[in-house]
1. Being in contact with a helix residue (DSSP H, G or I) (Cβ under 8 Å, 6 or more places away or on another chain) and surrounded by fewer than 18 Cβ atoms within 10 Å (Cβ to Cβ) is the filter here, so list the residues in the stretch 269-286 that pass it.
2. Could you look through the stretch 48-70, keep only residues that are crowded, with 17+ Cβ neighbours inside 10 Å and not in a helix (DSSP H, G or I), and pick out the one that is modelled with the highest pLDDT?
3. Quick check on this structure: which one of 31, 82 is farther than 17 Å from residue 101 by Cα, modelled with pLDDT of 95 or more, assigned by TED's automatic domain parsing to the domain that holds residue 135 and in contact with a helix residue (DSSP H, G or I) (Cβ under 7 Å, 6 or more places away or on another chain)?
4. Just to check your reading of the model, which residue among 129, 172, 136 is in contact (Cβ under 8 Å) with a residue 60 or more places away in the chain and at positive phi?
5. Working only within the stretch 418-462, note down all residues that are closer than 25 Å to residue 407 by Cβ, assigned to a helix (DSSP H, G or I) and touching a helix residue (DSSP H, G or I) at 6+ places or on another chain (Cβ under 8 Å).
6. Pick from 266, 299: which is assigned to a helix (DSSP H, G or I), touching a residue at least 12 places away in the same chain (Cβ under 8 Å) and either over 13 Å from residue 331 (Cβ atoms) or in contact with a helix residue (DSSP H, G or I) (Cβ under 9 Å, 6 or more places away or on another chain) (or both)?
7. Filter the stretch 354-367 for residues that are within 22 Å of the chain's Cα centre (by Cα) and in a helix (DSSP H, G or I); which is surrounded by the most Cβ atoms within 10 Å (Cβ to Cβ)?
8. Mind telling me which of the residues 199, 235, 229 ends up being surrounded by fewer than 17 Cβ atoms within 10 Å (Cβ to Cβ), under 21 Å from the mean Cα position of the chain (by Cα) and either in a loop (DSSP other than H, G, I, E, B) or not assigned by TED's automatic domain parsing to the domain that holds residue 342 (or both)?
């Protein structure tokens with residue numbers, strides 16, 4: 001299983017080699033002997049002072065080539081990563097700070113076109129300070145060009161992975177980095193839209209790190225350099241080898257005996273010792289690659305999302321872990337479902353929540369809109385979705401994750417319009433009538449099956 005969290009040394013995050021060249025970065029991830037560089041786009045002119053006629057710019061580029069051996073700030077080509085072919089883009093930070101100019105845009109566009117023409121995923125190994133000052137707005141305009149190519153590649157159903165090296169700032173972060181389907185970062189890398197020379201003087205530098213972006217839900221994993229190749233290999237398999245869906249629900253891990261009453265079903269679902277989502281995912285998949293965070297500054301550790309390999313084929317998953325789901329959790333799940341839809345990958349969801357988080361913070365974070373967005377993502381999914389209720393199914397906060405026509409339940413679960421205690425309170429019943437209310441709600445798996453709300457009760461153990 002791949003589920004990395006930030007690593008740190010005695011003095012804080014472990015900082016990567018900040019000046020590793022593009023070819024060295026490629027060699028770390030590509031299978032030996034498989035990298036083939038794409039030809040430079042036709043029409044590249046000898047070095048001159050560029051579109052702004054910036055005095056000395058041509059000489060600076062010539063010196064950069066002499067120093068690095070590269071004609072531009074990116075090296076693009078094809079390679080295999082643990083046997084999976086892909087288009088690889090690597091930034092050469094030693095070439096004018098890995099900055100993006102017009103010729104950089106030419107090469108990035110050519111790489112995306114090649115990926116689409118040959119149906120290959122695309123990996124960007126980023127190390128850039130942003131747009132090239134000596135080309136002014138011409139350089140800045142390359143961001144729109146890169147964003148368009150990335151959008152076209154996504155629309156073609158091809159996955160994109162960004163690896164954030166040190167530094168990843170400016171337009172490189174705001175296009176190739178943050179715009180990728182999956183984003184991983186090397187420990188200690190400087191990551192942020194604002195580079196170190198343009199931030200407020202009193203800015204906390206810790207806010208502009210891979211670890212900070214991970215905490216804010218903008219990065220799926222933070223890795224040591226020695227972990228990168230294996231993680232990248234897993235993610236490429238996840239993006240390129242979809243299972244034929246719909247996938248079967250996982251087998252039961254807990255008590256398979258039917259509940260005798262509604263209240264018994266509730267108590268069993270709430271039991272601390274009951275198997276939770278992580279146990280079901282571990283039993284169902286051989287490996288997992290996490291997709292973490294809502295890309296809006298939020299993370300819900302009670303919603304596990306990502307892609308897992310089952311029999312060597314990829315299945316996307318979104319799983320509640322028994323806690324109240326926050327808006328960030330719903331947005332992350334919606335992001336996962338839509339990505340799976342683009343890639344043609346079936347989805348497995350595990351329902352287990354007492355309900356949506358309903359405190360003031362959740363309301364301010366847009367709980368209603370986030371739940372509505374997940375309902376819409378599941379309803380519009382062009383791929384089959386399979387749902388297993390493994391614990392509490394608390395109201396709409398649980399239903400948003402459930403497949404409308406392919407939901408199953410374990411024997412130690414329940415699904416209800418509302419928790420029995422709250423139902424009794426709404427009906428102005430005394431607390432001692434909670435148990436009877438649970439029966440009236442017909443929330444047991446057997447009741448749900450009889451009502452046609454689930455396809456079956458899973459009792460067979462794996």
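The values are calculated or read from the model by the stated rules, or taken from the named source; none is laboratory data. The structure displayed is predicted, hence computed values, not measured ones. Because the Cβ atoms are built from the backbone with ideal geometry, glycine has one as well, and the counts that use them run over all protein chains shown.
1. Within the stretch 269-286, no residue meets the criteria.
2. Per the stated criteria, the residue is 70.
3. Residue meeting the stated conditions: 82.
4. Residue meeting the stated conditions: 136.
5. Within the stretch 418-462, 420, 421, 423, 437, 438, 439, 440, 441, 445, 447 qualify.
6. That would be 266, the only listed residue that is assigned to a helix (DSSP H, G or I), touching a residue at least 12 places away in the same chain (Cβ under 8 Å) and either over 13 Å from residue 331 (Cβ atoms) or in contact with a helix residue (DSSP H, G or I) (Cβ under 9 Å, 6 or more places away or on another chain) (or both).
7. For the stretch 354-367, the residue satisfying everything is 367.
8. 229
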